[in-house]
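For reference, the structure discussed in these notes is given below.
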Amino acid sequence: MNTIATYNHQPWNKGKLVGQKAPLRVRDIWAIRVRLQLAEKTRDLALFNLAIDSKLRACDLTKLRVRDIAHGEHVSSRAIVMQQKTQHPVQFEITEQTRTVLEAWMHQAHLRSENFLFPTRLHGSDHLSTRQYARIVKAWVTAIGLDPTMYGTHTLRRTKASLIYRRTKNLRAVQLLLGHTKPESTVKYLGIEVDDVLEMAEQTEV
């Protein structure tokens with residue numbers, strides 16, 4: 001059974017100009033995963049994998065509770081989250097490798113159903129802040145030799161969506177996965193070339 005997480009705070013980037021951040025390539029994803037595995041950073045690996053799978057904005061990802069993605073000690077294969085920015089629900093699949101590391105993290109951190117999935121020790125907050133998450137992402141990309149100015153938290157949101165679009169050219173599917181209300185937002189978000197859009201239009205003519 002799916003559960004829906006709801007949040008009422010304003011998004012951190014509302015009203016701000018936030019530049020496009022490049023998605024990760026497949027080799028970058030595995031480079032980061034291997035580094036985190038070798039360093040035995042279970043929390044960071046769980047955060048990274050879930051960020052890729054869920055395609056959630058930082059404000060939604062950092063506020064997830066255990067109950068949003070798990071039933072008891074077992075992580076669900078799918079979850080639904082109410083997006084803070086749009087107030088629309090979005091569903092995502094949690095892959096087996098992500099479920100495995102999430103369960104390991106929950107056990108290691110002794111997390112209960114009502115606990116935040118990624119708690120913080122900082123005073124005045126019960127979960128990772130978007131700023132903390134941004135610093136963590138910066139450390140990840142820097143560690144594998146990427147320019148940290150070219151990547152950010154939106155990198156992880158865009159990564160799987162970009163890979164899916166490249167393989168399928170299915171704009172509507174990516175729109176649903178990202179929880180966008182308008183296809184124009186998805187086109188802009190993915191940085192799709194005009195030629196690609198025209199090609200899609202030709203293929204859908206009747």
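Each value in this text was obtained by applying a stated rule to the coordinates, not by laboratory testing. Here the structure is a predicted model, which means the values were calculated and not measured. Please note: Cβ atoms are built from the backbone with ideal geometry, for glycine as well, and neighbour counts cover all protein chains shown.
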Under 16 Å from the Ala39 label point (7 Å along Cα→beta-carbon), backbone N, the range 111-137: 132-137
Under 5 Å from the placed amide H of Arg65, counting only residues 5+ away or on other chains, we find Leu117
Each residue of the range 133-150 in turn: what ³J(HN,Hα) in whole Hz from Karplus with 6.51, -1.76, 1.60 and θ = phi - 60°, glycine and Pro shown as x? 4, 4, 5, 5, 4, 4, 5, 4, 5, 5, 5, 9, x, 8, 6, x, 6, 8
Taking the highest mean first, how do the peptides 175-181, 145-151 order by number of other beta carbon atoms within 10 angstrom per residue? 175-181, 145-151
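Between the DSSP loop rule and a limit of at most 16 other Cβ atoms within 10 Å, which trypsin sites (Lys or Arg not before Pro) in the range 136-175 are left? Please list the in-between numbers first.
On the way: sites: Lys138, Arg157, Arg158, Lys160, Arg166, Arg167, Lys169, Arg172; in loops: Lys169.
Passing both the DSSP loop test and the Cβ count: Lys169.
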24 Å Cα-Cα threshold exceeded, pairs from Lys63/Lys169; Lys138/Lys169; Lys85/Lys169; Lys21/Lys85; Lys138/Lys182; Lys21/Lys182: Lys63/Lys169; Lys138/Lys169; Lys85/Lys169; Lys138/Lys182
Whole-Hz Karplus couplings 3J(HN,Hα) for the range 58-63, θ = phi - 60° and coefficients 6.51, -1.76, 1.60, Gly and Pro as x, run 4, 5, 8, 4, 5, 9
Please turn the phi angles of the range 82-90 into ³J(HN,Hα) values with the Karplus equation 6.51 cos²θ - 1.76 cosθ + 1.60 (θ = phi - 60°), one per residue in order, whole Hz, x for glycine and proline. 7, 6, 5, 6, 9, 6, 10, x, 9
With +1 at each Lys and Arg Cβ and -1 at each Asp and Glu Cβ, the charge dipole magnitude of the range 49-171 around its Cα centre, to the nearest 20 debye, comes out at 500
Work out how much length Lys138 to Ala109 would gain on full extension: take 0.36 nm times their residue separation and subtract the Cα-Cα distance, in nm to one decimal. 8.1 nm
